[in-house]
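To start, the structure itself, in structure tokens.
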Amino acid sequence: MTGRAAPAKLRNESLTQLPMPRAAAAADPFTAIADPTRRAILAMLLDGDAPVTEIAAGFAMSRPAVSRHLRVLRDARLVRERRGGEDGRQRVYQLTPAPLREVAEWTRAYERYWTRNLAGLKRHLERTGEAP
Amino acid sequence: MTTATTPDPTPSTTPGTPDAGGPTDAEVVRSTVDIAATPERVFDALTDPRELAEWWGSDDTHRARDWTVDARPGGAWGADTVDADGNPGRLEGEFRVVERPRVLETTWHPSWDDAPSVVRYELEPCDVDGRAGTRLTVTHVGPTRGAVTCLRGVRGLARHWPLVTAHPLRPRPSWSRAARPVRAR
């Protein structure tokens, strides 16, 4: 059961420092969109497909750096590359946002999880009392 | 945080809602429960492996066993899990803050999540049913710190959202499937 939704502000700075994934997580959508540059690339592609040159022009970083970000997004299947342009030889990127559903489900799942978990803790402690 | 003066028999869990200014408020789950037990007692129930085996989880989510806990900063903890469908999993993490009896903070690495997150327990003494009790608040910060909400605030993603919600989910523990479909704003 969930209570009335209310803003949940983070009061502790340490909570904003998330741990690194243990395994190579290049293919998961969470890691892919946790980076602000990659979010900006996705936002750019919301307006329509764009060739690599146009994407790179939007950022003050090297082309290899942009390419690395695009590869992470590709591995997470959030974008796909196709051939396009007038000569059909440009590399054009297209947004494929379906994997974002995994991320959106996360909050709903853990609302239920913690409600049940804490109810179980309360029952356990109030049944057994002070002495373990 | 205010001290509770009336007992709250059921946990209240609120999802984070997006803050217009910052991305860090979404994907934060906060759950609170008032327990008629002292903070020391509650803290020990959160960190003692034998007790954890007695109360953690539920038939609706999963059961956890074979707990190991090293309740120190940097200490590791973990348990083997089985969900309602009988699927095995592993839940583990490392403590970042261990301040008995008020604060416990840990990384959260379950086998069923794509990326790690952080869980923080805060224990505040309060009266519960006229007894020395504890208001326990759990804050679970999601792996992307509001990245999805940032994206959804960008004009144009709404037209993609039906495609997003139609995307098949990978197999997940039965308890983690949402009860309602996700809707775009």
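The values are calculated or read from the model by the stated rules, or taken from the named source; none is laboratory data. Just so you know, these numbers come straight off a predicted model, no measurement behind them. Every residue, glycine among them, receives a Cβ derived from its backbone with ideal geometry; neighbour counts consider all protein chains shown. Side chains are part of the model used for accessible areas, which takes the heavy atoms of the whole protein and leaves out ligands, DNA and RNA. Shrake-Rupley method; radii C 1.70, N 1.55, O 1.52, S 1.80 Å.
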With the requirement that a residue be open to solvent by less than 40 Å² (accessible area, probe 1.4 Å) and either farther than 9 Å from A:Tyr93 by Cβ or within 12 Å of another protein chain (Cβ to nearest Cβ) (or both), what does the range A:41-58 give you? A:Ile41, A:Leu42, A:Ala43, A:Leu45, A:Leu46, A:Gly48, A:Ala56
Selection count, the range B:98-113, where residues are open to solvent by less than 40 Å² (accessible area, probe 1.4 Å) and of a type in the set (D, E, K, R): 2
Sort through B:Asp59, B:Asp66 and tell me the only one that's over 24 Å from A:Thr107 (Cβ atoms), open to solvent by 30 Å² or more (accessible area, probe 1.4 Å) and out of contact with any helix residue (DSSP H, G or I) (no Cβ under 6 Å at 6 or more places or on another chain). B:Asp66
Mind checking which residues of the range B:114-142 are touching a residue at least 24 places away in the same chain (Cβ under 8 Å) and open to solvent by 20 Å² or more (accessible area, probe 1.4 Å)? B:Asp114, B:Glu122, B:Glu124, B:Pro125, B:Asp127, B:Asp129, B:Arg131, B:Ala132, B:Arg135
For the range A:59-111 the number of residues that are in contact with a Gly (Cβ under 7 Å, 6 or more places away or on another chain) and open to solvent by 70 Å² or more (accessible area, probe 1.4 Å) is 1
